[in-house]
Amino acid sequence: MSNAKSEATLGGRFIFPGTSLTVHRIGYGAMQLAGAGVFGPPKDPEGAVAVLREAVAGGVNHIDTSDFYGPHVTNQIIRRALHPYPAGLVIVTKLGARRPADGSWQTAISPQELTSGVHDNLRNLGLDALEIVNYRTMGAIHGPAEGSIAEQVSVLADLKGKGLIRHIGLSNVTAAQVAEAQAITTIVCVQNNYNLAHRHDDALIDELGRQGIAYVPFFPLGGFTPLQSSELNDVAKRLGATPMQVALAWLLHRSPNMLLIPGTSSLVHLRENMAAGRLVLSRQILAELDGIAAAAMKH
């Protein structure tokens, strides 16, 4: 795909602050390439490879992953599908969890665990250095929990000093934790749960936007009430689009520092997600969509 066409299709470009890393705003999240429950291998490994190759052929140059997906599975599939990596591809990974044999999610936040996690990612992705590493707090069930992350961010800053990590981001964090981390090292992105119906990070998004820092929402359709879903479905039907396309297009409109990482193991859904950047939302539609969260809160 030509660069000009990618620009139009994939929501324009974004440059991570203080770096030369330029990505299209619609990227790809690799979590769904693992088996059920993000554990073990997928039923269709060839299909997973095909999705990654088509994403990159279509202009996607920002892939979000982690070595605790699988564990190890998604990174090994990415390496198999795309290595040697094309110039300009930015692979963002994350640390902070581990998956024991029972498939549970456990924290992995000691200096030793974080260091070992970096080496796991390097080995399974086939890289000498990781472009961006997010420290992900496990937080509470429904989102981030306050508490110091200074020790963990300092470990990553040390690994950055050693050349194993080039840039650092955060995931599942509060505004206070972002500020704490910024006092230790440069933060280039923040990845939190945010969508049309869950707008708790509005102030943080605006503050990061003022600093030119990327905000990467996960669960673009997560946690919608039946009322919210039906309103979104109605807008999508009128636009001749899918609810996911409308939700992604709204996020692109929300702020220029918003980067999307929709994930899928389906080529059909991949194509639909990538086409969301072409969806034009009128002021009237945007106002309607903006009202979805507010309307549901009143019921």
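For Cα pairs less than 8 Å apart in space and 6+ apart in sequence, what is the mean separation divided by the residue count of the chain, i.e. the relative contact order in percent?
Taking the mean separation of contacting Cα pairs over the length of the chain, I get 18 percent.
Using only the Cα atoms of the range 143-229, what semi-axes does the equivalent ellipsoid have when each is the square root of 5 times a gyration tensor eigenvalue? Give whole Å, largest first.
Ellipsoid half-lengths, sorted descending, are 27, 12, 12 Å.
So, R0 is 45 Å and r is the distance between the beta-carbons of D44 and A179; what FRET efficiency does that work out to, to 0.05?
That gives a FRET efficiency of 0.55.
As a test of understanding, state the convex hull volume per residue of the range 1-90 from its alpha carbons, in Å³. Numbers along the way, then the final one.
Working: hull volume 9.0 nm³, N = 90.
That works out to 100 Å³ per residue.
Counting other Cβ atoms within 10 Å, which trypsin sites (Lys or Arg not before Pro) in the range 133-186 have at most 12 and lie in a DSSP loop?
Here the sparse-neighbourhood loop sites are K162.
Which whole-number value in Å³ per residue fits the convex hull of the alpha carbons of the chain?
133
Provide M138, M258, M31 in ascending order of the number of other Cβ atoms located within 10 Å of each residue's Cβ, fewest first.
Fewest to most other Cβ atoms nearby, the residues stand as M138, M31, M258.
Shape of the range 83-190 from its Cα gyration tensor (a ≥ b ≥ c, root eigenvalues): rounded if a/c is under 1.5, otherwise prolate when a/b > b/c, or oblate?
oblate
Would you mind putting 221-227, 125-131, 9-15 in packing order, based on average other-beta-carbon counts within 10 Å, highest first? Write down the numbers at each step before the final one.
Numbers: 221-227: 14.3, 125-131: 16.7, 9-15: 19.0.
So the peptides 221-227, 125-131, 9-15, ranked by packing, come out 9-15, 125-131, 221-227.
Ignoring everything except DSSP H segments at least 4 long, calculate the 222 nm mean residue ellipticity for the chain; use -39,500 (n - 2.57) per segment, divide by total residues, nearest 500.
Helices in the chain give a 222 nm mean residue ellipticity of -13000 deg cm²/dmol.
Counting only pairs 8 or more places apart or on different chains, how many lysine pairs in the chain have C-alpha atoms closer than 25 Å?
On the way: K43/K94; K94/K160; K94/K162; K237/K298.
Lysine pairs meeting the criterion: 4.
Counting other beta carbons within 10 Å of each residue's own, what order do V280, V92, V190 fall into, fewest first?
Taking fewest neighbouring Cβ atoms as first place, the list is V280, V190, V92.
Each reported figure results from applying straightforward, stated rules to the coordinates on display, with no laboratory input. Please read all numbers here as calculations on a predicted model, not as lab measurements. We place every Cβ from the backbone using ideal geometry, glycine too, and count neighbours over all the protein chains shown.
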